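Have a look at the structure below, then the notes.
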Amino acid sequence: IQITDDFMFGTVFSYKEDCKEFLQRILQIRILEIRIVTPQQSIRNRKDGKGIRLDVYVRDDQGNSYDIEMQLLDTKELDLRSRYYHSEMDTYQIRKGKKYKNLKESIVIFVCGFDPFDENRSIYTFETICRENPDIRLKDKRKTYFVYIGGNRDGVAADTIKLLDYFKTGEPTDEFTFNLQNRVEQIRCDDEWRENHMTLE
């Protein structure tokens, strides 16, 4: 069982410092502090609504929300899943009676074992822009990242490349990825975790 296994991925990045470094490398930002809301967080806002299970759901010290998903199989619906995830996260983030200005950043990250847009990029970043004038951005505080672990590395930061190469090959090349691999090996030896994994499968 490698780190790209959905359940393993969610378990590894439920560790705060690992998750924080993951976000910093993928998004190329600095984060002071994060809080893991819960790994494998289930969100269901209506009795008859479709619930979602988030692999890793995180908030930073500014209240911004991050959903990180491992996706090895191309289900041909990630575009629409991203829309639904953002919507459900927003409802989870803001309570009845609160003003919309209280909404913080909503960021969904899909780590993919396939190229979702067939352009061989390592990272595809989406924001809402004006079709008539791309310089105009809708300030809806919503971003979606599709990370293709096998994509072209041109223009990608060195620390991000090391992380993506680790996801692709399973071979660590720096201190952070060695720590991740050690975490994977420790988790593999946990009888309760293996039992939960088999139950989920």
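The values are calculated or read from the model by the stated rules, or taken from the named source; none is laboratory data. All figures in this text were calculated on a predicted structure; none of them were measured in a lab. So basically every Cβ, Gly included, is an ideal-geometry build from the backbone, and we count neighbours across all protein chains shown. In case anyone asks, the SASA skips ligands and DNA or RNA and just uses the protein heavy atoms, side chains included. Shrake-Rupley method; radii C 1.70, N 1.55, O 1.52, S 1.80 Å.
Just checking my list [x] 11.0; [y] 11.6; [z] 13.0 against mean projected area of the Cα convex hull in nm² computed from this structure; which label fits?
Matching entry in [x] 11.0; [y] 11.6; [z] 13.0: [z].
Grab the Cα-Cα distance for residue 196 and residue 173, subtract it from 0.36 nm times how many residues apart they are, and report the gain in nm with one decimal. List each step's numbers first, then the result.
Working: separation 23, 0.36 × 23 = 8.28 nm, distance 2.97 nm.
Full-extension gain reported as 5.3 nm.
With the full set of protein chains in place, find how many percent of the accessible area of region 104-155 is carbon and sulfur; take the probe as 1.4 Å. Working shown, then result.
Working: 1400 of 3200 Å².
On region 104-155, the fraction of accessible area on carbon and sulfur atoms equals 44 percent.
Trypsin sites (Lys or Arg not before Pro), restricted to region 58-142: which are DSSP loop and have at most 13 other Cβ atoms within 10 Å?
Values: sites: 59, 76, 81, 83, 95, 96, 98, 99, 101, 104, 121, 131, 137, 139, 141, 142; in loops: 76, 95, 96, 98, 99, 104, 131, 139, 141.
Qualifying residues, ordered by number: 76, 95, 96, 98, 99, 131, 139.
Ranked from the most accessible area to the least, with a 1.4 Å probe and all protein chains present, what is the order of 117, 110?
Final ranking, largest accessible area leading: 117, 110.
Within the chain, which whole H helices from DSSP have a Cα span along their axis of at least 30 Å and a mean Kyte-Doolittle hydropathy of 1.6 or more, if any?
Details: long enough: none.
Counting only whole DSSP H runs, no helix qualifies.
Once R0 is set to 35 Å, what does the formula 1/(1 + (r/R0)^6) return for the Cβ-Cβ distance between residue 132 and residue 153, expressed as a FRET efficiency to the nearest 0.05? Could the numbers behind the result be given before it?
Numbers: r = 34 Å, r/R0 = 0.96.
Efficiency computed from Cβ-Cβ geometry: 0.55.
For residue 148, list long-range residues whose amide hydrogen, built 1.01 Å from N in the peptide plane, is under 5 Å from its own amide hydrogen.
Excluding prolines and chain starts, which carry no amide H, the hits are 112, 123, 124.
Please list 189, 130, 19 from largest to smallest accessible area, probe radius 1.4 Å, with all protein chains kept in place.
Numbers: 189 100, 130 40, 19 0 Å².
Listed by decreasing accessible area, they come as 189, 130, 19.
Report the accessible area of residue 127, computed with a 1.4 Å probe over the heavy atoms of all protein chains in place, in Å² rounded to the nearest 10.
Accessible surface of residue 127 is approximately 80 Å².
Within the set 76/101; 16/168; 76/99; 20/98; 99/143; 76/141, which residue pairs have Cα atoms separated by over 30 Å?
Over 30 Å Cα-Cα: 76/101; 76/99.
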